1. Output the peptides 39-46, 99-106, 124-131 sorted from most to least packed, where packing is the average of other Cβ atoms within 10 Å over each peptide's residues.
2. Bin width 10 Å, alpha-carbon pairs only: give the P(r) of segment 5-84 as whole percents, running from 0 to the bin holding the largest distance.
3. Projecting each Cα onto the charge dipole of segment 63-103 (Lys/Arg +1, Asp/Glu -1 at the beta carbon, about the Cα centre), which of Ser88, His78, Ile99 comes out farthest on the positive side?
4. Separation of segment 1-50 and segment 67-126 by C-alpha centroid, Å?
5. Within the chain, what whole-number % of the accessible surface is contributed by carbon and sulfur, with the 1.4 Å probe and all protein chains included in the calculation?
6. Compute the relative contact order of segment 74-137 as a whole-number percentage, counting only Cα pairs closer than 8 Å that sit 6 or more residues apart in sequence.
7. Assuming a strict under-15 Å limit between Cα atoms, what lysine pair count do you get for the chain once near-sequence pairs (fewer than 8 apart, same chain) are dropped?
8. What number in nm² do you get for the chain if you take the convex hull of its Cα atoms and divide its surface by four?
Amino acid sequence: MNLEQFSQLFTPLPGNHYLEVCTKEDEVTKLLSSLMNKVEGELSVILYDEDNLKFSEPFRARPREHDTVIFKDVFSKHENKKMILKLSYLTLANAANVIIIEKKGNLNLEETKSLLQEMEFRSANEIDIIEGYDLIVAKKMHMWGNGL
């Protein structure tokens, strides 16, 4: 998996906190961890066990704790997409990004962008930078939507 272009989506600052929600640690996790280590930031990883969990349970995170939330191979399988987007919105700082990464064909891109808009994320865009994967980036804007 070539992640050179993917890494350019991030400009971590000292003390940043990123959250990755995934089914296993992989090259994306290693890249994010490396980026955070360079700026003395923190990467939190929440692992869903796809064999033993029906992807209906929420993850836990404090309000405005994270500067970026990344879902990898979890979003399309989760039974309550609105709930995990709401939790993402709450844990993100203002003007922070949510990134959804799924194997090609697992995600209805237009439906996902619409859902992001409905859940008060703005500027949802598809970016084709990881071979074999769909990627959508959207932004939590200050003073929009849910007021957080």
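1. 99-106, 39-46, 124-131
2. Here the calculated profile for segment 5-84 is 18, 49, 29, 5.
3. So the residue furthest toward the plus end is His78.
4. Computed from Cα coordinates, the inter-centre distance equals 16 Å.
5. Summing carbon and sulfur atoms, their accessible area is 45 percent of the total for the chain.
6. Values: 62 pairs, mean separation 23.3, N = 64.
That works out to 36 percent.
7. Step by step, the pairs that qualify in the chain add up to 20.
8. One quarter of the hull surface, i.e. the mean projection, equals 8.0 nm².
The values are calculated or read from the model by the stated rules, or taken from the named source; none is laboratory data. Keep in mind that this is a model prediction, so the values were computed, not measured. Glycine gets a Cβ as well: all are built from the backbone with ideal geometry, and neighbour counts include every protein chain shown. Each accessible area value is taken on the protein alone, full model and side chains, heavy atoms only, with ligands, DNA and RNA left out. Shrake-Rupley method; radii C 1.70, N 1.55, O 1.52, S 1.80 Å.
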